[in-house]
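Everything on this sheet refers to the single structure shown next.
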Amino acid sequence: MARQGLLQELDHAKLPVLKNFDAKYLDFEFDPGNKYTIPYQAGTDAIVVNTDAVENVPTSWADLWKPEYAGRMVFLDDSRATIGLTLLTLGYDVNTTDPVQLDEAKAKLKELVPNVKLFDSDSPKTALIAGDVDLGLTWTAEALLAQQENPAIQYIYPTEGPILWQDNWAMLKDASHADAAYAFLNYTMQGDIFWMMLRDFPYTNPNQAALDYAKANQTELYDAYMASPITNVPADAIANGHRIADVGEATPLYDDIWVEVKGGQ
């Protein structure tokens, strides 16, 4: 969006709430200096599995191609994550722009897609909790919420590395109520407000002030957040992780793979 001129630069003087964020979630390569964005929530894409139902628990993205998992998997309806994990199984970068590598990934992905029972980015936990599927690809909070319903549901960081992501706020170039947007951000990102996201949407929280507030005032919630490797992602998983980036002119190549492969299921 920034590359296409769709965003306006944020006025940091109007965002005193910026001081609330952990520096690890600022100044990413997609927005140096947070010129256009501030963090919302973060998380991972990794393997979710019902260990009561799956005898051989997968430990890698490559394992998901095993015939024993056919028809038992839920995947996010996310082209870049699914193509990205396929690239990782081939030893390639999740953001490759090499047409030869992408063709190889497309061929491999064609082998996987027929084995996926359901693509669902709205509520992949629903099929897991119901027992309609036994494993697959999901993100942080969906895995944790499913685990709260069934402790046998585990979240596995694959050996090739998880997909790392962060949701962010940005402001459109021609936003007609920019002052209201600044007021909204400054209000919702206060520590004593944003801690509620830990309660209702348990992703990884970049807001250090919210974590500090929860630690002092919502001890049980904070302790559960810190104790869970799903929300409090282990350092080695982050170090081994991969971030999806803008691939520029190669974007149509990814789009074509997704349309062709998913359309052929």
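The values are calculated or read from the model by the stated rules, or taken from the named source; none is laboratory data. All values derive from a computational prediction rather than experimental measurement. Please note: Cβ atoms are built from the backbone with ideal geometry, for glycine as well, and neighbour counts cover all protein chains shown.
Brief remarks follow.
- Candidates Tyr157, Tyr182, Tyr203 - the one that is surrounded by 14 or more Cβ atoms within 10 Å (Cβ to Cβ), touching a helix residue (DSSP H, G or I) at 6+ places or on another chain (Cβ under 6 Å), hydroxyl-bearing (Ser, Thr, Tyr) and in the same structural domain as Val94 (by TED's automatic domain parsing): Tyr157
- Among (1) within 30 Å of Leu109 (Cα to Cα); (2) part of a loop (DSSP other than H, G, I, E, B), the one test that Asn232 misses: (1)
- Residue that is nearest to the chain's Cα centre (by Cα) [pool: residues in the stretch 108-141 that are in a helix (DSSP H, G or I) and without any contact (Cβ under 8 Å) to a residue 12 or more places away in the chain]: Thr126
- Criterion (in contact with a His (Cβ under 6 Å, 6 or more places away or on another chain) and touching a residue at least 24 places away in the same chain (Cβ under 8 Å)) met by exactly one of Val94, Val57: Val94
- Qualifying residue in the stretch 31-48 (condition: crowded, with 16+ Cβ neighbours inside 10 Å and over 22 Å from the mean Cα position of the chain (by Cα)): no
- Filtering the stretch 124-144 to residues that are among the hydrophobic types (A, V, I, L, M, F, W, C) and over 14 Å from Ala46 (Cβ atoms) leaves Ala127, Ile129, Ala130, Val133.
- When residues of the stretch 15-25 are limited to those that are touching a residue at least 60 places away in the same chain (Cβ under 8 Å) and in contact with a Leu (Cβ under 9 Å, 6 or more places away or on another chain), the one surrounded by the most Cβ atoms within 10 Å (Cβ to Cβ): Val17
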